Amino acid sequence: MTPRSLLLAAAAAISLLAGPAFADTVKVGVIGPFSGPFGLFGKNFKQGIEAFQAKNGKAVKGHEVEFVYRDLEGVDPAKAKALAQELIVKERVQYLAGAYFTPDALAIATVLDQGKVPFVVLNAATSVITEKSPLIARTSFTMWQNTVPAAQVALEKGVKKVVIAVSDYGPGLDAEAAFKKTFEAGGGQVVDAIRMPIRTTDFGPIMGRVKETGADAVFAFLPSGPPTLAFVKAFIDNGLKAANVKLITTGDVTAENDLPAIGDAALGIISTYHYAVSHDSAANRDFLAAMKGVGAKDGEIVMASVAAYDGARMIYRMIEATDGKQEPQKAIDAIKGFAWESPRGPVSIDPKTRHIRQNVYERVVDKKDGILINREVKTFADQPDTGLSPTP
Ligand code: PHB
């Protein structure tokens, strides 16, 4: 060995003896669909977190932050609860995050107070979730938040008669209530309200029922994934688009990953949502570059990654405020009123509901450089979750 290689070997041995550079490790358990038909959304959770860590480092005030992932393929509240318990008891996580589906978020909510673990919801969108524990915060959206603007857009476009079609579970029922209340208050008429079993993939009969009503628009919500693609295709294939019936939805139904499979027939579909991949801002360009840096591919980036990216920011703030200690109430207090520039636009955490306030955008499916996008055409600024407000 040369003197120089001896020196290098000695330095390497010393650094090994010194151990890791961090005081300790704060663990965060993330529960989401990392496999199965909704696997793209779990992948977006993970890549959003990795993109945040790539930009902001893997430690807060000397505490290493380690994310531990658990796969929950679909709606399975019993498994969601078991995974949350396992993460708290065996992995000793100080924070939980994730939950694609509402029933799973509600099951996780039941173990938080005893486990003394704050939970950042990264997708599930039924308003009531954050009321289930004072330790829950949410960086995604609620159905009320995105649907009230959808009904306003329908009224502005002169739509008179609407059929509402929603998946028959929490977020679908919220969407139905929000649309009906807003649309009828503005003078519109809901001619039919169809609740579709969550596992239905055959929408032909529903399209037949819509035709019979003579409605001029359909408002729809289904959980983003294979059901939404099947619904939009059935709408087109059954001739409703050709018959000039409008399709107005929340952005769940026109997620960017589905647009290529729908093809040009998607052009003109109107939706309201808090994030479009095409959102024009420096923060979004930065975010998309960070996502590409951790392996995300064009056409596979959807809203769930932004919720995770912002969720990681909130968790970092809670770790900073508690200096890595398990003080759940102090952690939650530190994010009340927290405001920042998200890739979706300016956001803040409502101190009362612990839910995110954000812009909601009217978008239309359009083409840019040959690629189908949701083009933002109007902003409903700083929307709260009206689902939690007392009915006026
Ligand atoms: C939900 O279960 O709350 C949920 C799932 C998927 C969505 C929206 C809401 O796209």
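The values are calculated or read from the model by the stated rules, or taken from the named source; none is laboratory data. Note that the coordinates shown come from a computational prediction; the quantities given were computed from them, not determined experimentally. As a convention, Cβ positions derive from the backbone with ideal geometry for all residues, glycine included, and neighbour counts pool all protein chains shown. Please note that ligands, DNA and RNA were not included when accessible areas were found on the heavy atoms of the full protein model with its side chains. Shrake-Rupley method; radii C 1.70, N 1.55, O 1.52, S 1.80 Å.
Here are the numbers for the structure shown:
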read-out: Hey, ARG70 open to solvent by 10 Å² or more (accessible area, probe 1.4 Å) and within 19 Å of the chain's Cα centre (by Cα) or not; value: yes
read-out: Among residues of the stretch 225-245, those that are open to solvent by 10 Å² or more (accessible area, probe 1.4 Å) and either of a type outside the set (D, E, K, R) or not assigned by TED's automatic domain parsing to the domain that holds ILE269 (or both), counted; value: 12
read-out: Single match in THR379, THR386 (criterion: of a type in the set (Val, Ile, Thr) and out of contact with any strand residue (DSSP E or B) (no Cβ under 8 Å at 6 or more places or on another chain)); value: THR386
read-out: Search result, residues across the stretch 126-167 that are farther than 28 Å from ILE332 by Cβ and under 19 Å from the mean Cα position of the chain (by Cα); value: PRO149, ALA150, VAL166, SER167
read-out: Search result, residues across the stretch 168-202 that are within 13 Å of the ligand (Cβ to nearest atom) and either surrounded by fewer than 20 Cβ atoms within 10 Å (Cβ to Cβ) or not in a helix (DSSP H, G or I) (or both); value: ASP168, TYR169, LEU173, ILE198
read-out: Evaluation of ARG138 against (1) surrounded by 18 or more Cβ atoms within 10 Å (Cβ to Cβ); (2) away from the ligand (no atom under 13 Å from the Cβ) (one fails), failing number; value: (2)
read-out: Unique residue being touching a helix residue (DSSP H, G or I) at 6+ places or on another chain (Cβ under 9 Å), open to solvent by less than 10 Å² (accessible area, probe 1.4 Å), more than 16 Å from the ligand (Cβ to nearest atom) and of a type in the set (Val, Ile, Thr) when the list is VAL153, VAL163; value: VAL163
read-out: Wholly within the stretch 253-371, strands (runs of 3 or more DSSP E) carrying at least 1 residues that are open to solvent by 30 Å² or more (accessible area, probe 1.4 Å); value: 339-342, 345-349, 356-368
read-out: Filter result (crowded, with 24+ Cβ neighbours inside 10 Å and either out of contact with any Asp or Glu (no Cβ under 9 Å at 6 or more places or on another chain) or of a type in the set (Phe, Trp, Tyr) (or both)) within the stretch 123-135; value: ASN123, ILE129
read-out: Restricting the stretch 88-117 to residues that are away from the ligand (no atom under 16 Å from the Cβ) and part of a strand (DSSP E or B), the residue that is surrounded by the most Cβ atoms within 10 Å (Cβ to Cβ); value: LEU96
